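Enquirer: Just dropping this structure here.
The values are calculated or read from the model by the stated rules, or taken from the named source; none is laboratory data. Keep in mind that this is a model prediction, so the values were computed, not measured. Here the Cβ positions follow ideal geometry from the backbone for every residue, glycine too, while neighbour counts run over all protein chains shown. Side chains included, ligands, DNA and RNA excluded: accessible areas come from the protein's heavy atoms. Shrake-Rupley method; radii C 1.70, N 1.55, O 1.52, S 1.80 Å.
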Amino acid sequence: PIVILTVGTGIDPFQNPLVGDITSCVAGLLPYLSDEQLLVLRSTVVPGVTEFVQQWLVRQGRRTPVAFCPERVVQGRCILELQALPQIVSATSPAAEATVAELFARVAPRVVRMQPK
């Protein structure tokens with residue numbers, strides 16, 4: 001099973017990422033997450049957040065893999081653009097990357113695999 005999280009990363013006045021909203025949301029999901037699921041970050045997050053969430057989960061005793069596929073669509077044009085734009089995917093493991101690539105290959109014309117950073 002795949003869990004898609006659409007919480008973005010804010011920044012402070014000095015342009016440092018604020019990951020509190022994401023970790024708070026993931027903390028609320030912990031009772032429902034298993035190591036067999038894939039957690040997909042589907043928002044605009046700053047570089048390093050994918051790995052941060054993965055490491056945070058490990059510190060919580062979880063091995064739930066984390067993937068990242070940034071949302072790149074204009075509000076109100078989601079369905080059209082999702083089917084027209086290539087989807088960028090990355091993950092913290094090759095297996096997680098393959099799973100998220102397979103998911104978005106079902107709806108996107110092309111999947112572009114990248115490193116999380």
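Enquirer: Quick one: Karplus J couplings for segment 90-107, per residue in order, coefficients 6.51, -1.76, 1.60, θ = phi - 60°, nearest Hz, x for Gly and Pro?
Expert: Values, residue by residue: 8, 7, 8, 8, x, 5, 5, 4, 5, 5, 5, 5, 5, 4, 7, 5, 5, 10 Hz.
Enquirer: Of all the C-alpha pairs in segment 47-113, what % are more than 15 Å from each other?
Expert: Summing the P(r) tail past 15 Å for segment 47-113 gives 55 percent.
Enquirer: With a sphere of radius 13 Å drawn around the Cβ of Val58, what net charge do the other residues whose Cβ falls strictly inside it have (Lys, Arg +1; Asp, Glu -1)?
Expert: Numbers: positive: Arg59, Arg62, Arg63; negative: Asp35, Glu51.
Around Val58, the surrounding residues sum to +1.
Enquirer: Kirkwood Rh over alpha-carbon pairs of segment 16-63, then Stokes-Einstein at 25 °C and 0.890 mPa s: what D in µm² s⁻¹, rounded to an integer?
Expert: Rounded, D is 218 µm²/s.
Enquirer: Considering only protein heavy atoms, what per residue accessible area in square angstrom results for the chain with a 1.4 angstrom probe?
Expert: 58 Å²
Enquirer: Moving on to the next point. So if R0 is 35 Å, what FRET efficiency would Arg77 and Ala27 give, r being the distance between their Cβ atoms, rounded to the nearest 0.05?
Expert: Step by step, r from the Cβ atoms, then E = 0.60.
Enquirer: Return the ratio Rg/(2.2 N^0.38 Å) for the chain, where Rg is computed over Cα atoms only.
Expert: In units of the 2.2 N^0.38 Å rule of thumb, it is 1.04.
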